[in-house]
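> Structure provided below as structure tokens; questions to follow.
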Amino acid sequence: MEPIYHSGLEIPLISLINGVILIIGFYYLGKKLQKIFKIDLVIKEVSVIDYQNILIAVIFTSIIFYPICLFFEISSHSLKFFSYGVYIFGVFNIILLIRNLFSKKKINFFFHKDLNYILFAIIFVGLLFLSFAPVTNADALDYHMFTAKYLLKNGMYPEYLTNFHSSYLSGSGEIFIAIGLLVGSEQFGSILQFSGLISLIGVLKRYKSPYFFYLIIISSPVLIFFVSAPKPQLFTICSSVFAYCLILFGDHSKSRKITFNEIKKFFLISLILMTSITVKFSFILSSAILFLLLLSFNYFSLKKLIKISFIFLISYVLVVLPSLIWKYNIFAGNFFELFYSPFSTERYGLATFKQYLTGLSEANLLWFILPTSLGNFTHSLGLGSICILYLYQLRFIKNTLYIISILILFFLISYFFGQFTARFFLEPYLWIALYLARYHASIKINVFHEFFYRIQCLIFFAVILYGVLNLTIGVINAELRDKVLEKNAMSYTFFKWVNNELKNSNSPIITFQRSIALSDNFPISRDHLFYVNMSKPEAFEYIKEIKRINPKFLVFSSGGSSYKKYIECTTGLYSYKKDIFSIAVRNPLNKSNEKFDIYIYKLDSSLMPECINPNRVDNYSRQ
């Protein structure tokens, strides 16, 4: 495989500029699409119109290109044509903006003396700058960037049994990472995630909410995790929350007949929610809850309920069903299970993988308000969670019962069946914040809560500032970027050395490092060892795939023991280096100075399965 970064990215600042131009292109594309489909009146019900331009453009792009990327190998060419078109559109509109700016005789800069506004402004700018940083997030460098890279290289999504995360969890969100890479921008994915917050600010401006609520939304500690990575989740959360606003705050006709404007609104809501499911399957929970919420607002008319259900069914068939068909055609299994699960668990190993995904949770409920430790600061929702108590002041408003009901439903289902972590609860956190912001005139903010929340904001900004100085500085030049990645990107130093040693070989490798997107050689992921006992007869399909890929090298470090599973399948040492790398992490409180060796062994897959070690080799493998 080709390097993850474009040859044109030797000047990192150009990568950033390309990303900014592309996001501006999406902004104006969304503006045009609103006019074409005449949905501006629908959006105007709950938001300042232009704040939803990027959201509309992304939803449109996802609906069109996700099926193409699933079923047609020409997808990489289609994406290239589209990406360059949006990029040129961005350049054209930037020229128009500059011309209009210089034609103005007087430019007004808005400034507010409100302390909450000042905190909001510096945090907003700080998060924007944080999104400019090179990609260092471990998840992103594992399967998100790998999938985008594979999509551009091969014109299709990964179909490998051994790579559980890329093959079974990747969705439409990786398309936008690929679009960024096509125009030479590694940052576009994270800039896009940040832009999701703009959508929510549009709602706040529509209802002229106090800046305290801006702070509640923009300073939850988990946002640092989301904004600093192209992981396609924050934008999807924000778009789903916007659909929630359309349902809860939008105009609802008491007529039993459905108007044309309502049809457009219901289609927009359904398309947003269905697209969120294609990004990350866990959004099926919030989408189902919001669908029920929409039905409850129209319970008085059976015809409306039927038509709304039909609209959602059409959207599901157009947006979600193609991915289910693709998964069934590629991986087989139980087709009906795909309607309530991200993958069928019939194949050996996938039930264990699903159990791992749903079993992710924090030790206690403390993370709703405070982190369990300083090292887990970005794993909490923050003091904004206390805002749920303000719902009591809104108890006489009819919609309050609705919001409490969906919060309880979300909490219970997540507790028993989902991931009980702060990141998973950011969506209902934003439901509460925007509901309070909508009815702010009926709320009296506790002065002590506001005081301590401002303190949290100052701590939050300090963490952002550290992130900017430690990560974003890498966009200045290639040397700084290399230092930033060595210090903060997991396995960057590892793959930098391995890529250099294997630069004359295009052979696939088996690696036990997580950030496989950094490998120039096609990597067989370590995933299969975690969920499959390779010594069992049921693992035959996995061994068959490894033999088909025919990796020539086993690459590992002295820090683990997973390599012992395949060490007897090697034919000799190819290269090694002592004390060459340490585990790079972004959190300074979790760093370690311990050095590890790197080994490259020549591998002969024809010796499998007899050469595979039948014993358990570490705490992670299934045997």
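The values are calculated or read from the model by the stated rules, or taken from the named source; none is laboratory data. All values derive from a computational prediction rather than experimental measurement. Every residue, glycine among them, receives a Cβ derived from its backbone with ideal geometry; neighbour counts consider all protein chains shown. When the accessible area is computed, the model is the full protein with side chains, heavy atoms only, and any ligands, DNA or RNA have been set aside. Shrake-Rupley method; radii C 1.70, N 1.55, O 1.52, S 1.80 Å.
> So how many residues does segment 574-596 have that are open to solvent by 80 Å² or more (accessible area, probe 1.4 Å) and in a strand (DSSP E or B)?
5
> Scan segment 405-446 for residues that are of a type in the set (Val, Ile, Thr), within 24 Å of residue 377 (Cα to Cα) and either open to solvent by 60 Å² or more (accessible area, probe 1.4 Å) or not in a helix (DSSP H, G or I) (or both) and report the count.
So the count comes out to 1.
> Taking segment 503-519, which residues are outside any loop (DSSP other than H, G, I, E, B), of a type outside the set (Val, Ile, Thr) and in contact with a strand residue (DSSP E or B) (Cβ under 9 Å, 6 or more places away or on another chain)?
517
> At least 2 residues that are of a type outside the set (A, V, I, L, M) and in contact with a Gly (Cβ under 6 Å, 6 or more places away or on another chain) in each: list the helices (runs of 4 or more DSSP H) lying fully within segment 219-298 that qualify.
234-249
> Suppose we keep only residues that are open to solvent by less than 20 Å² (accessible area, probe 1.4 Å) and hydroxyl-bearing (Ser, Thr, Tyr) within segment 151-172. Which one would you say is farthest from residue 17 (Cα to Cα)?
Ranking the qualifying residues of segment 151-172, first place goes to 162.
> Examine segment 536-559 for a residue that is within 30 Å of residue 357 (Cα to Cα), assigned to a loop (DSSP other than H, G, I, E, B) and either β-branched (Val, Ile, Thr) or without any contact (Cβ under 8 Å) to a residue 12 or more places away in the chain (or both), and state whether such a residue exists.
The answer is no, given that none of the residues of segment 536-559 is within 30 Å of residue 357 (Cα to Cα), assigned to a loop (DSSP other than H, G, I, E, B) and either β-branched (Val, Ile, Thr) or without any contact (Cβ under 8 Å) to a residue 12 or more places away in the chain (or both).
> If you don't mind, another one. I'd like the full set of residues that are open to solvent by 10 Å² or more (accessible area, probe 1.4 Å) and under 23 Å from residue 28 (Cβ atoms), limited to segment 59-84.
Residues satisfying the conditions are 59, 60, 63, 64, 65, 66, 68, 78, 80, 81, 82, 84.
> Condition check: open to solvent by 20 Å² or more (accessible area, probe 1.4 Å), touching a residue at least 40 places away in the same chain (Cβ under 8 Å) and under 27 Å from residue 26 (Cα atoms). Does residue 225 satisfy that?
It is true that residue 225 is open to solvent by 20 Å² or more (accessible area, probe 1.4 Å), touching a residue at least 40 places away in the same chain (Cβ under 8 Å) and under 27 Å from residue 26 (Cα atoms).
> Let me ask something additional. Any residue in segment 583-597 that's closer than 19 Å to residue 374 by Cβ: show its pairings with residues that are part of a strand (DSSP E or B) at Cβ separation under 8 Å, as long as the two are six or more apart or on different chains.
Between residues of segment 583-597 that are closer than 19 Å to residue 374 by Cβ and residues that are part of a strand (DSSP E or B), the close pairs are 583/596.
Yes/no per residue for (1) open to solvent by 50 Å² or more (accessible area, probe 1.4 Å); (2) closer than 22 Å to residue 201 by Cβ; (3) not in a helix (DSSP H, G or I):
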| site | (1), (2), (3) |
| --- | --- |
| 16 | no, no, no |
| 25 | no, yes, no |
| 31 | yes, yes, no |
| 43 | no, yes, no |
| 46 | no, yes, yes |
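> Which count do you get for residues in segment 348-404 that are closer than 30 Å to residue 529 by Cβ, modelled with pLDDT of 90 or more, open to solvent by 20 Å² or more (accessible area, probe 1.4 Å) and outside any helix (DSSP H, G or I)?
So the answer is 1.
> Every residue in segment 284-318 that is open to solvent by 10 Å² or more (accessible area, probe 1.4 Å) and closer than 17 Å to residue 340 by Cβ, please.
Result: 284, 285, 288, 291, 292, 312, 313, 316, 317.
> Next question. Could you tell me whether residue 235 is under 24 Å from the mean Cα position of the chain (by Cα), over 15 Å from residue 428 (Cβ atoms) and free of Cβ contacts under 8 Å to residues at least 24 places away in the same chain?
no
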